[in-house]
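Following: one structure in structure tokens, then a few remarks.
The values are calculated or read from the model by the stated rules, or taken from the named source; none is laboratory data. All values derive from a computational prediction rather than experimental measurement. Cβ: placed from backbone, ideal geometry, glycine included. Neighbour counts: every protein chain shown.
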Amino acid sequence: MNIASDVKTGIRRAIRNPRRRGNIIVLSAVLMVFIVGIMAFTIDVGYLCMARSQAQNCADAAALAAGLEMVSNARLKENTSTLIARATQKARDYGAVQDINHSVISSDLDGPGEVIESVSFGRLENPSNINEPMSFSDPNHPNAVRVQVTCDPERNTAVPLFFARIFGMDTSQISASATVTFSSGSTVGFEVPENGPPCTLMPFVINEDDWDNMLAGSGEDNWSYNPDTGAVTAGPDGIREIKMFPDKDNGNHGNGNNHGQNSGITPGNFGLVDIGPSHGVPAIREQITNGPSHEDLEPYGGSLELDPVTGTLEIGGEPGIKAGIKDAVANVIGLPKTIMLYNDAVGQGANTTFTVCRFVGVRVMDYRLTGSASSKYILVQPAMVQDPTAVTGGEGNTSDFVGQPIQLVR
């Protein structure tokens, strides 16, 4: 059988037969409509997929921007409602510069071209559960922000179509959403994996009453941190400082109801503590710079955490003030770090035991570790700390300004 010869014979017969030629023309016309429809579907669906991806990028960027604002230093100086307003505007500003199908986009809340439909703040108790609805019952303590992006005709941002216009479809609507979590008040401890990221925890404690008094307005504001440059300079910035090594003349003194006269610090101890099996100046310098290591936390079962029942942690003290840690302290000036608060202390010197009750974020602003013991100090101010080694999940006030880095969870 010669297939090529049979095809040629069929073509010649079709050409000689006008009726068959007409059938082919009709069939070709029908197939052309079908092919054009497939082209319209393919091109427009591809364009919609691209616009949908751009809308998701917009939602992600806006939610991350809002989350970062919620853990910025503005949180130290503004109330929750003001901070949420700032974060909402930050989300809309980021949404306004995203390119979605080349739509005309405006950052005006009600103006045409606005693609950010809503920015909502609430709580997610278990962010890993994608089916958990966001709760809005506690507006003063949010830990999540959700951004909804919508492109539709009413917003003058509908996605334009091309070949689908043949069938009367000029535009299409798309939407996307993103949810970011943030935390600063539920850190209960730190867990450092082997070869993991450095921890922000430093081996220092200060009195809980002193800290709370400072947050309530006690103390002075003589130093300033510039978040754009990371520089620490003299002058107020709206955030008060507290001496981590209090002294008689310049420190912030608590009620002194334990031992000694400097904010309850026991005799022979000035707020240094031992974390892990290694003691002495080299270990303290390393922990000031990089935090406790995986090996340092092994005696605590791998993580240093508040007891879930008592909400406290007992930790031993290190005697005296170590002038040898001066270089390490100088190296962390301006960096976000974490220290511990205690509400009780017993013993003396190296035999001191502190009852730790909270973790707080700080930034070293100034120090003096030479001269007489009464004139030495390390000056810190509150700071927002995002630490990937932080263990979160505590109920109540287990930390101030310390939490896991923001996370895009949905």
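Brief remarks follow.
- Against the list (1) free of Cβ contacts under 8 Å to residues at least 40 places away in the same chain; (2) over 30 Å from A345 (Cα atoms), the condition A216 fails is (2).
- Any hit, region 165-173, residues being assigned to a loop (DSSP other than H, G, I, E, B), touching a Gly at 6+ places or on another chain (Cβ under 7 Å) and outside the structural domain of I315 (by TED's automatic domain parsing): no
- Filtering region 80-129 to residues that are polar (S, T, N, Q) and modelled with pLDDT of 85 or more leaves T80, S81, T82, T88, Q89, S118, S120.
- Pick from region 224-240, criterion surrounded by 15 or more Cβ atoms within 10 Å (Cβ to Cβ) and in contact with a Gly (Cβ under 7 Å, 6 or more places away or on another chain), ranking: nearest to C357 (Cα to Cα): R240
- From K326, K337, residue being in a strand (DSSP E or B), touching a residue at least 24 places away in the same chain (Cβ under 8 Å) and in the same structural domain as D387 (by TED's automatic domain parsing): K337
- The listed residues are R358, R410, and the only one of them that is assigned by TED's automatic domain parsing to the domain that holds I275, touching a strand residue (DSSP E or B) at 6+ places or on another chain (Cβ under 7 Å), over 19 Å from A283 (Cα atoms) and charged (D, E, K, R) turns out to be R358.
- Residue in region 246-261 that is within 30 Å of the chain's Cα centre (by Cα) and at pLDDT below 90 present: no
- P197 at pLDDT below 85 and in a loop (DSSP other than H, G, I, E, B): no
- One residue from N213, N143 being among the polar types (S, T, N, Q), more than 20 Å from Q56 (Cβ to Cβ) and assigned by TED's automatic domain parsing to the domain that holds P127: N143
- Selection count, region 125-151, where residues are buried (at least 20 other Cβ atoms within 10 Å of the Cβ) and of a type in the set (S, T, Y): 1
- From the list L304, L341, L313, the one residue that fits, being crowded, with 19+ Cβ neighbours inside 10 Å, within 27 Å of S372 (Cβ to Cβ) and not hydroxyl-bearing (S, T, Y), is L341.
- Scanning region 177-204 for residues that are within 14 Å of G291 (Cα to Cα) and of a type outside the set (F, W, Y) yields a total of 14.
- Taken together, P299, P292, P282 contain a single residue that is without any contact (Cβ under 8 Å) to a residue 60 or more places away in the chain, touching a Pro at 6+ places or on another chain (Cβ under 9 Å), farther than 18 Å from F245 by Cβ and not β-branched (V, I, T), which is P299.
- Matching entry among A63, A51 (being modelled with pLDDT under 85 and under 34 Å from the mean Cα position of the chain (by Cα)): A51
- When S186 is tested against the conditions (1) within 22 Å of L341 (Cα to Cα); (2) modelled with pLDDT of 90 or more; (3) of a type in the set (S, T, Y), the lone failure is (2).
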